[in-house]
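Here the structure comes first, spelled out in structure tokens, and everything after it is commentary.
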Amino acid sequence: MINRYTIIGQPVAQSVSPAIHHLFGELTHRRVEYTRTEATDTTFEQTVKEWQASGGKGCNVTAPFKELAVSVCDRLNDSARLAQAVNTIEMHRDGKLVGHNTDGIGLLADIEKNKHINLADKRILLLGAGGAARGVIAPLLSATPSVLHIANRTTAKAQTLAKTFSKLGATSSSDFQSLENLDSFDVVINATSMGFDNSAPPVPLNTVNQSTFAYDMMYKSGQTPFLAWCESAGVSDYADGFGMLVEQAADAFLIWEGVRPKTRKVYLATDEIIHSASPKN
Ligand code: ATR
């Protein structure tokens, strides 16, 4: 029997998730079929239910439906509840939909395991306070940084997130300009959507130093605008979100198939597809 999965988003034509999941299937000797499904705000819920009714075992959810998916699920696990966003839905035989969010643990796995950056006691700066930022805050705090500072154009949103998550670890917040008054950070993560407009968050130079590790949660063919800025500011250790994509997919596969594939081979095999096609998920 083939277990069927799909990614639902708008657009999804460029998604490399099918290639990643098919490779996971080969590596783990599971028969999986993974397709792409387009939806709109008004058809999203129906699309999920139709997929389930047709025998689908699960789906991934990508932009712009991760927050909408929260209300479509019957239950949320802790990761999705804290993030208030769902990127993976498990479809149970009893008809129940269970929402998960593997983005944050995917980011953590890529930074700590693949890039060998230990986040314990580090000063982390998270740029952005939208859905993508929200989804990674709890996992980042679980790595026990000395502080997680959230900076955003709309300061009130950064303040709200810092307050909401303060019970999980040390958080603070500001706008971009006020970073001028703070020491540089050990790790800087871009979770804004600015790269899609080919621009980078306007952060002051003192935000980074030569030993800062920079991470851009977006990826594209060639360098992202944020990582180009980091390099020009003297940062030499950096990565884009390609590794996070593969890791979050492996955690979704684990939820559905009960086995977490080794990601290294898939990372290498899909590198070329990803960096030549500039997909988002
Ligand atoms: P996503 O799901 O990708 O996080 P989102 O929830 O719309 O999308 O959040 C986008 C993030 O990028 C927000 O932090 C947003 O800042 P605001 O909260 O001030 O809107 C940030 N962002 C997008 N365009 C921006 C721009 N031109 N300048 C600064 N920040 C921007």
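Just wondering, is there one or more residues in the stretch 218-226 that are in contact (Cβ under 8 Å) with a residue 24 or more places away in the chain, surrounded by 20 or more Cβ atoms within 10 Å (Cβ to Cβ), assigned to a helix (DSSP H, G or I) and under 16 Å from the mean Cα position of the chain (by Cα)? No, there is no match, as no residue in the stretch 218-226 is in contact (Cβ under 8 Å) with a residue 24 or more places away in the chain, surrounded by 20 or more Cβ atoms within 10 Å (Cβ to Cβ), assigned to a helix (DSSP H, G or I) and under 16 Å from the mean Cα position of the chain (by Cα).
Just checking, how many residues over the stretch 195-209 are near the ligand (Cβ under 9 Å from one of its atoms) and at pLDDT 95 or above? Number satisfying all stated conditions: 3. Note on the stretch 174-193: residues that are outside any helix (DSSP H, G or I), within 16 Å of the ligand (Cβ to nearest atom) and in contact with a Ser or Thr (Cβ under 7 Å, 6 or more places away or on another chain) amount to 3. Within the option set Lys96, Lys163, Lys115, being surrounded by fewer than 16 Cβ atoms within 10 Å (Cβ to Cβ), out of contact with any helix residue (DSSP H, G or I) (no Cβ under 6 Å at 6 or more places or on another chain), under 30 Å from Lys57 (Cα atoms) and among the charged types (D, E, K, R) holds for one residue only, Lys96. Glu45 satisfies every condition listed in (1) at pLDDT 95 or above; (2) out of contact with any helix residue (DSSP H, G or I) (no Cβ under 6 Å at 6 or more places or on another chain) except (2). Taken residue by residue, the stretch 230-251 has no member that is touching an Asp or Glu at 6+ places or on another chain (Cβ under 8 Å), farther than 30 Å from Leu97 by Cβ and at pLDDT below 95.
Considering the stretch 63-93, the residues that are surrounded by 23 or more Cβ atoms within 10 Å (Cβ to Cβ) and either within 14 Å of the ligand (Cβ to nearest atom) or of a type outside the set (A, V, I, L, M, F, W, C) (or both) include one that is farthest from Val12 (Cα to Cα), namely Ala83.
The values are calculated or read from the model by the stated rules, or taken from the named source; none is laboratory data. No experiment lies behind these values; they were computed from the predicted model shown. Neighbour counts run over all protein chains shown; Cβ positions are idealised from the backbone, glycine included.
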